[in-house]
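What follows is a single structure, written as structure tokens, with notes after it.
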Amino acid sequence: MNLVPLDAQTYAREVLPLTAEVWAGKRDFERYVSQNLEIAHSGYGRRHFRTMGFSDGTTLLSSFKRYERAIHMGAQRLRAFGIGAVYTPPALRGRGYASAMVAMAMDRARADGYDVAYLFSDIRAQFYEELGFTQLASRAISLRADNLPNDRIEVQRLEEQDWNGVRRCFELRDRARSWAFVRTPLVWELIRLRIRQGSEHAAGLQTNLVVRRGRGIAAYVLGVRAPEHDAYLLDEFGFADAQAAGLVGPLLRSAAGDLRRIAGWLPPEFARERLPRASVRRRSEGIFMATGLSAIGKTWLQLASASSSGDGVWSMDHI
């Protein structure tokens, strides 16, 4: 048995028909396949994304998606790889194929000099704990939209030309964090692609808003309006400086409009401070898990495991 790369077309032909019921969501099968291929053929996909299979030479026993990312911890940069869409066909389950596949992927990454392996578990987090992964802070937040300030501000929809300003806002806040996933230009390209695809939410209308300041962006919010949940589902927000931080509340209230709630993943600590009191609970899906593959990776894991008023990742880091 061996771990083998699967080219995008092979993965689309042999795996996606099996996984569509689990992960296609609101997309029809044709769109599900085309969007997977679009990611594989993107700039990020060509350099940092692979579809992998576990095979006995004749049968594809299990599969997963492999994402390369970097983590900054102070001045240090760690090599990380993400594991997504672990799947074993029903007829082959219970034989340890997925466990062997993930363990082999971790062994290879360790030998290749990677520091961290991570994933977001939707079911059976214990399965990954048995492979050495640790559950990290994974919480959801919900707050009443009318608890946010209702200041009059000029809100506009995010346009293509605004993305450099969004990236600038993100980087200004990101520098002060003790650790975070690094967002290279190719990672930003992947984020924008996923937003265009609308694949992260089962329902809702993409509603990304900004407040402009001169030629730049003072503050932004990314998310979807989901009337069926009576909520604006927040993915991320950012602001340029202390003065612009006061725009976050009114901007979120504008995004919610007549919807009652703001809901989503608990933001990182610096961003959590910009929101009023809210209901916080442990997430049942998208549980962030990681393991250290090197000495510095284990040091990072201790830091990431430390308690905090916010989570370590934005939902836009989800794979």
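The values are calculated or read from the model by the stated rules, or taken from the named source; none is laboratory data. Source: prediction; values computed, not measured. Glycine also receives a Cβ, built like all others from the backbone with ideal geometry; neighbour counts cover every protein chain displayed.
Checked against (1) over 26 Å from Trp179 (Cα atoms); (2) in contact with a strand residue (DSSP E or B) (Cβ under 7 Å, 6 or more places away or on another chain), Arg283 passes all but a single condition, namely (1).
Filter segment 282-309 down to the residues that are free of Cβ contacts under 8 Å to residues at least 60 places away in the same chain and either surrounded by 19 or more Cβ atoms within 10 Å (Cβ to Cβ) or touching a helix residue (DSSP H, G or I) at 6+ places or on another chain (Cβ under 8 Å) (or both) and list them by number. Answer for segment 282-309, where residues must be free of Cβ contacts under 8 Å to residues at least 60 places away in the same chain and either surrounded by 19 or more Cβ atoms within 10 Å (Cβ to Cβ) or touching a helix residue (DSSP H, G or I) at 6+ places or on another chain (Cβ under 8 Å) (or both): just Ser309.
Take the residues of segment 137-150 that are of a type outside the set (Ser, Thr, Tyr) and assigned to a loop (DSSP other than H, G, I, E, B): which is nearest to the chain's Cα centre (by Cα)? Write out each step before concluding.
Pass one, segment 137-150, residues of a type outside the set (Ser, Thr, Tyr): 137, 139-141, 143-150.
Now drop any that are not assigned to a loop (DSSP other than H, G, I, E, B), which leaves 137, 148-150.
Numbers: Ala137: 14, Leu148: 26, Pro149: 28, Asn150: 30 Å.
This residue is Ala137.
Where strands (runs of 3 or more DSSP E) sit wholly within segment 151-261, those with at least 2 residues that are out of contact with any Ser or Thr (no Cβ under 8 Å at 6 or more places or on another chain), modelled with pLDDT of 95 or more and closer than 28 Å to Tyr32 by Cα occupy 216-226, 231-239. Taking the numbered list (1) in contact with a strand residue (DSSP E or B) (Cβ under 6 Å, 6 or more places away or on another chain); (2) outside the structural domain of Val182 (by TED's automatic domain parsing) in turn, Ala295 passes all entries but (1).
Checking the conditions here, which among Asp241, Asp235 is more than 16 Å from His201 (Cα to Cα) and either surrounded by fewer than 19 Cβ atoms within 10 Å (Cβ to Cβ) or not assigned by TED's automatic domain parsing to the domain that holds Phe64 (or both)? Working first, answer last.
On the way: Asp235 fails: more than 16 Å from His201 (Cα to Cα).
Matching residue, one of Asp241, Asp235: Asp241.
Scanning segment 156-172 for residues that are under 18 Å from Gly286 (Cα atoms) and not polar (S, T, N, Q) turns up nothing. Remark: pairs (first residue in segment 183-194, in contact (Cβ under 8 Å) with a residue 60 or more places away in the chain and assigned by TED's automatic domain parsing to the domain that holds Gln161; second residue part of a helix (DSSP H, G or I) and among the small types (Gly, Ala, Ser); Cβ separation under 8 Å; 6+ apart in sequence or on different chains) = Leu186/Gly43; Glu189/Gly43; Leu190/Gly45. Within segment 15-23, one or more residues are in contact (Cβ under 8 Å) with a residue 12 or more places away in the chain, part of a helix (DSSP H, G or I) and buried (at least 19 other Cβ atoms within 10 Å of the Cβ).
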